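Colleague: For reference, the structure I am asking about is given below.
The values are calculated or read from the model by the stated rules, or taken from the named source; none is laboratory data. Please read all numbers here as calculations on a predicted model, not as lab measurements. Cβ atoms come from the backbone with ideal geometry, glycine included; neighbour counts cover every protein chain shown.
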């Protein structure tokens, strides 16, 4: 029987992963696959995969096996469950890079999958495309030079930070240049919003809401989102610092954001990044919270 992953010690010696194949560990298939799914991400450029309670480490320069015991049945199962024959979750090193037009569908997807207080919006909205029409797509259309993505190492965007250096100018261009492109698909509600879709459509048709007097000292604003499996690894911090640097290069002293108060994990992240609360009349703190900070990078946290 040929090893589907080409592991050393199996009939196929091409060994793309450089793992030595040992005897059958005689464990149930479900147990072996659960072990395969237990991906542990470490800081830097290493990933660890627990295989039958033993560890195979991937470094920048290749695979090295430590006390490895892998059986062909387990390899077959992992191969079947992976995408295009790649081991689940294992990619090249992720990195922040500038947005490219080809990233647009991925950004829409990220926005939709994180758009309901950090969670997937698809169970909540009849047409979840209304979310990127407000919070993602207009930024890459009007301010593409201030859009940055987290690339998973395979060319796919798995997170982003988007924004503008000049909120009043952005609101003006939103109405003149962006709204005509999407207004037919997402019409303004005819009365008080009755559904989640209508709430967001109301925001779409009111770009002037972005101009808040109390935020004048923070002329830039941003939106940042990462797919859940890419959170908690320092990528949000890298995206944020990239955005601050771009604003500093444009002479922008401070930036703000407006977030859903219910999104506790996001608020904890912003607090760690040095944002502080800005009180704003006319905005209900039970619904939304305004946060701001300078664009200086103090190296903390």
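Colleague: Regarding the range 281-299, can at least one residue be identified that is crowded, with 17+ Cβ neighbours inside 10 Å and in a helix (DSSP H, G or I)?
Modeller: no
Colleague: All but one of (1) at pLDDT below 95; (2) out of contact with any strand residue (DSSP E or B) (no Cβ under 7 Å at 6 or more places or on another chain); (3) over 20 Å from residue 111 (Cα atoms) hold for residue 231; which doesn't?
Modeller: For residue 231, the failing item is (3).
Colleague: For the range 136-163, give me the residue count where each residue is surrounded by fewer than 23 Cβ atoms within 10 Å (Cβ to Cβ) and over 20 Å from residue 237 (Cβ atoms).
Modeller: The qualifying residues number 10.
Colleague: Under 7 Å by Cβ, and 6 or more places apart or on different chains, what pairs join a residue from the range 96-114 that is in contact (Cβ under 8 Å) with a residue 60 or more places away in the chain with one that is part of a helix (DSSP H, G or I)?
Modeller: 96/238; 96/239; 96/242; 99/140; 99/144; 111/131; 111/132; 111/135
Colleague: Go over the candidates 271, 281, 287 one by one and state the one that is at pLDDT below 95, more than 21 Å from residue 149 (Cβ to Cβ) and touching a strand residue (DSSP E or B) at 6+ places or on another chain (Cβ under 9 Å).
Modeller: That would be 287, the only listed residue that is at pLDDT below 95, more than 21 Å from residue 149 (Cβ to Cβ) and touching a strand residue (DSSP E or B) at 6+ places or on another chain (Cβ under 9 Å).
Colleague: For the range 134-147, which positions are within 12 Å of residue 99 (Cβ to Cβ), assigned to a helix (DSSP H, G or I) and touching a strand residue (DSSP E or B) at 6+ places or on another chain (Cβ under 6 Å)?
Modeller: If the condition is that a residue be within 12 Å of residue 99 (Cβ to Cβ), assigned to a helix (DSSP H, G or I) and touching a strand residue (DSSP E or B) at 6+ places or on another chain (Cβ under 6 Å), then 139, 146 are the ones that fit.
Colleague: Please specify each residue of the range 249-280 satisfying the condition of being in a helix (DSSP H, G or I) and either in contact with a helix residue (DSSP H, G or I) (Cβ under 9 Å, 6 or more places away or on another chain) or surrounded by 14 or more Cβ atoms within 10 Å (Cβ to Cβ) (or both).
Modeller: Within the range 249-280, 266, 267, 269, 270, 272 meet the criteria.
This table checks each residue for (1) in a helix (DSSP H, G or I); (2) over 21 Å from residue 261 (Cβ atoms); (3) modelled with pLDDT of 95 or more; (4) touching a strand residue (DSSP E or B) at 6+ places or on another chain (Cβ under 9 Å).
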| site | (1), (2), (3), (4) |
| --- | --- |
| 126 | no, yes, yes, no |
| 132 | yes, yes, yes, no |
| 149 | no, yes, yes, yes |
| 174 | yes, yes, yes, no |
| 177 | yes, yes, yes, no |
| 180 | yes, yes, yes, no |
| 189 | no, yes, yes, no |
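Colleague: Which ones in the range 86-114 are touching a helix residue (DSSP H, G or I) at 6+ places or on another chain (Cβ under 6 Å) and either at pLDDT below 95 or within 21 Å of residue 237 (Cβ to Cβ) (or both)?
Modeller: 96, 99, 111, listed by residue number.
Colleague: Follow-up. I'd like to know if the range 194-204 contains one or more residues that are assigned to a strand (DSSP E or B), closer than 21 Å to residue 224 by Cα and in contact (Cβ under 8 Å) with a residue 24 or more places away in the chain.
Modeller: No, the range 194-204 contains no residue that is assigned to a strand (DSSP E or B), closer than 21 Å to residue 224 by Cα and in contact (Cβ under 8 Å) with a residue 24 or more places away in the chain.
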